[in-house]
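For reference, the structure is listed below as structure tokens.
Nothing in this text is a laboratory measurement; each read-out follows from the coordinates by a stated rule. Note that the structure is predicted; figures quoted are calculated from it, not measured. Using ideal geometry, Cβ is built from the backbone for each residue, glycine included, and neighbour counts are taken over all protein chains shown.
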Amino acid sequence: MAKSRPPYPPAFRRQMVELARTGRTLEELAREFEPTAQAIRHWVAQADRDEGRRADGLSSAEREEMRRLRRENRRLREERAIEPAPHSAAGQEYDGFDIRPASMISRAAPAGA
């Protein structure tokens with residue numbers, strides 16, 4: 001199982017990206033500074049997306065917006081699930097009108113009885 005550690009600070013990531021762009025190999029940076037070469041590769045790719053150099057994924061701003069929208073959708077779905085639907089049960093009245101289908105009204109007792 002992989003070790004879990006807190007994320008590297010954004011300033012450290014930016015510094016690794018800059019060093020990688022100056023020509024230092026990712027393996028060399030990984031040996032010297034601890035994050036894996038693959039992690040640094042991901043940081044460089046994400047920085048490229050954020051700066052418009054790559055278009056093969058979402059920028060950090062787009063990713064954050066997606067996260068926010070998903071959170072909002074989840075909250076709205078939960079709110080909707082909690083609120084009772086006014087026309088969900090047969091025989092229920094809505095604003096004084098019987099909202100049951102006509103086929104049910106003819107066989108059932110009147111709505112106020």
- [ ] Could you list Met66, Met16 in order of exposure, starting from the residue whose Cβ has the fewest other Cβ atoms within 10 Å?
- [x] Met66, Met16
Task: trypsin sites (Lys or Arg not before Pro) restricted to the range 1-85 and DSSP loop, no more than 13 other C-beta within 10 Å - done: Lys3, Arg53
